[in-house]
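Asker: Okay, here's the structure, questions in a sec.
The values are calculated or read from the model by the stated rules, or taken from the named source; none is laboratory data. As the structure is a computational prediction, the values presented were derived from the model and not from experiment. Note: areas computed on protein heavy atoms with side chains; ligands, DNA, RNA excluded. Shrake-Rupley method; radii C 1.70, N 1.55, O 1.52, S 1.80 Å.
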Amino acid sequence: MDISTTYMGMKLSNPIIVGSSGMTSTVDGIKHMADSGAGAVALKSLFEEEIMMEISKASGSGAVVNNYGEAAEYMRYYVREENVGNYFKLIEGAKKSVRIPVIASINCVSAGEWGNYAKSIENAGADALELNIFIMPSDAKLTGEAVERRYFDIVAGVKKHIKIPLALKLGYHFSGMAYFLTALSSSGIQGLVLFNRFVSPDIDLRTLTMTAMPVYSTPAELALPLRWIGMLAGRVKCDLSASTGVHDGSSLAKVLLVGASCAEIATAIYNNGAKQIGVMLEDLRTWMGAHSFKKIDDFKGRLSFKNIEDPIHYEQAQFMKYFSDHGK
Ligand SMILES: Cc1cc2nc3c(=O)[nH]c(=O)nc-3n(C[C@H](O)[C@H](O)[C@H](O)COP(=O)(O)O)c2cc1C
């Protein structure tokens with residue numbers, strides 16, 4: 001049985017990409033994931049903020065580089081962990097140690113001079129680049145259109161520096177989601193990763209202080225990538241990769257069925273260890289065997305919005321019909 005897949009022109013031996021996270025922040029970690037059967041790895045994000053620090057250090061300007069309100073704890077924590085030079089070394093080390101594709105990742109919020117660093121990432125040997133972009137739409141003076149324009153500006157700013165495939169890993173706070181993602185898919189990118197999962201605020205009622213929700217997803221969160229990948233597959237001009245809530249072989253089969261080329265997984269591996277990759281692939285093979293599927297293309301996208309007769313399940317959001325159907 002052939003479980004290989006093609007993503008952004010790269011041939012992957014299987015559809016599991018270890019998602020950008022602490023697990024892919026060291027050469028040893030990356031090697032461990034490759035040895036455990038991952039089809040590819042997305043490296044821990046390098047943050048635009050770090051690149052900007054590097055630029056201001058080099059120019060001696062000492063300019064204040066972070067004026068983005070969205071630079072939350074999540075970001076600050078990892079900023080401390082990384083620096084630009086080490087990131088290039090991480091790519092080079094990973095490329096020397098593993099044979100699977102290595103996808104570099106930059107967390108960015110603006111277009112600008114830092115786009116040059118994408119070239120250095122390519123030169124360090126990365127097989128592809130993922131831009132992890134999240135512009136918190138919290139500025140009451142910024143229209144949706146202005147927020148969305150920034151995404152296109154970032155793509156244009158990076159595209160001109162690199163030849164390797166480019167993916168965008170996004171959140172889901174867009175009003176005209178299908179329009180926006182379809183337009184982005186025609187902006188010269190090769191992949192959309194739907195969706196990133198962000199740290200959300202919580203409250204400690206005992207101490208009356210702000211805290212953070214758990215950083216790990218639950219299986220129920222699969223609903224979000226399942227719906228949107230299903231809606232967009234075959235209608236966008238780039239490949240789709242699922243992220244958030246893919247915890248087991250069944251959820252992997254589901255995202256492929258709605259049209260994803262692969263899945264970028266973090267929580268399931270944090271929870272169960274890297275052996276979970278093998279477990280998920282074995283479950284995928286078993287399920288494929290039960291349906292006499294010999295390769296992923298035999299079923300990829302079969303249940304996308306475009307390919308099913310009655311796409312009501314994708315568009316239905318209210319409970320009215322559910323209640324009448326189920327007598328509730
Ligand atoms: C501890 C941790 C660190 C992460 N760091 C990054 C990161 O640096 N860049 C990024 O794009 N995503 C990052 N993510 C998000 C994951 O790559 C993934 O998209 C998200 O966790 C949803 O997938 P999951 O449901 O399999 O966990 C991180 C997730 C976790 C749990």
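Asker: Roughly speaking, to the nearest percent, how much of the chain's 1.4 Å accessible area is carbon and sulfur? Show your work: numbers first, answer last.
Answerer: Numbers: 8580 of 15850 Å².
That fraction is 54 percent.
Asker: If you count only protein heavy atoms with a 1.4 Å probe, what accessible area per residue comes out for the chain, rounded to a whole Å²?
Answerer: Working: 15850 Å² over 328 residues.
On a per-residue basis, 48 Å².
Asker: Mind checking which of D248, D204, D310 has the largest fluctuation in a GNM of the chain, springs on alpha carbons under 10 Å?
Answerer: In the Gaussian network model the winner is D204.
Asker: Hey, what do the phi angles of the stretch 40-48 turn into as Karplus ³J(HN,Hα) couplings, whole Hz, using 6.51/-1.76/1.60 and θ = phi - 60°, x for Gly and Pro?
Answerer: Result, ordered by residue: 6, 10, 9, 5, 3, 5, 8, 9, 3 Hz.
Asker: Take the Cα radius of gyration of the chain and divide it by 2.2 N^0.38 Å, with N its residue count; two decimals is plenty.
Answerer: Values: Rg = 19.9 Å, N = 328, 2.2 N^0.38 = 19.9 Å.
This ratio for the chain stands at 1.00.
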